[in-house]
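Here is the structure we will look at.
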Amino acid sequence: MDGVTTGPAPGFLKNPAKLLELVPSPRRVRVDFNGECVADTTNALVMREGGHTPVYYFPKADVRMDLFSPTDHATNCPYKGDASYWNVTVAGVTGGNVMWGYETPYDEMAELSDYVAFYWERMERWREEEEEIFKHARDPFKRVDAILSHRPVKCVLGGEVVAETTDGVFVFETGHPVRYYIPREDVKMDLLSRTETESVCPYKGTATYFSARIGGELFDDIAWSYERPIAECPRIRDLICFYAENIDATFVDEVEVEKPETKWKK
């Protein structure tokens, strides 16, 4: 891509309220490709951008640049500038356009000129300190609080009470509705069957999913469970959580909870 994208960012001129900030991270962050550590830093920046998951940016000085080669691929961001891309080759295995950087960014993002970032899914392994992390960088301003509650919770699906407990765990996660996790002994597990669906959350771990069949009707992937949550979120282990937005009703303290509006609503 020709030209130099210094000067004011046109994106901010049109949208001055756009969330885009760089937060220094005190954590050691490492990235592997084909068994080789290709980036290792204690000076990462976390980019927090509205509408996007957090992204780690690494100082070029902490990246094995000898393993990377520039490509002709280029893109433009109206807030950051023109992005250059690099392939990586380790022990004869090449990953295409796995790394990008803004070498001549717009004025507002001038700090990025000496930093690069990686496509998460194109790399083999990510670690913070000695712990492997998944899906994307963790937002330093996000909280996930899993709190035991004896308030009565009841879930209704297909006209039937499928779960009822006074020993639930309420999960309060920044940017998400409250989720109600219920012990399996308080769920009608005979109505549920595990599916092949899985998802990964960097704050909780890998979730497995369950469908329900009630009165001949199938409710696909209507609930999930973290059977092996990450160490920071042990209280939700093996509990069942139903999509409040997709079941008939959720009651807390015998009062129906308003259905949340989320991207998972069917």
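The values are calculated or read from the model by the stated rules, or taken from the named source; none is laboratory data. Given the structure is predicted, the values throughout are model-derived calculations rather than measurements. Note: ideal-geometry Cβ built from the backbone for every residue, glycine included; neighbour counts use all protein chains shown.
Quick notes
- Residue list for the range 7-57, filter: more than 20 Å from Glu128 (Cβ to Cβ) and among the hydrophobic types (A, V, I, L, M, F, W, C): Ala9, Phe12, Leu13, Ala17, Leu19, Leu20
- Segments classed as strands (runs of 3 or more DSSP E), wholly inside the range 103-206, with at least 3 members that are surrounded by fewer than 20 Cβ atoms within 10 Å (Cβ to Cβ) and modelled with pLDDT under 95: 144-149
- Of the residues making up the range 36-75, those that are acidic (Asp, Glu) and surrounded by 14 or more Cβ atoms within 10 Å (Cβ to Cβ) are Glu36, Asp40, Glu49, Asp62.
- Pair list, Cβ under 6 Å, 6 or more apart: the range 1-27 residue part of a loop (DSSP other than H, G, I, E, B), other residue among the aromatic types (Phe, Trp, Tyr) and modelled with pLDDT of 90 or more: Thr5/Tyr106; Ala9/Tyr79; Ala9/Tyr106
- Residue within the range 58-74 that is closer than 24 Å to Phe134 by Cα and either among the small types (Gly, Ala, Ser) or touching a Lys or Arg at 6+ places or on another chain (Cβ under 8 Å) (or both) present: no
- Total residues in the range 52-78, condition among the polar types (S, T, N, Q) and either assigned to a loop (DSSP other than H, G, I, E, B) or in contact with an Asp or Glu (Cβ under 6 Å, 6 or more places away or on another chain) (or both): 2
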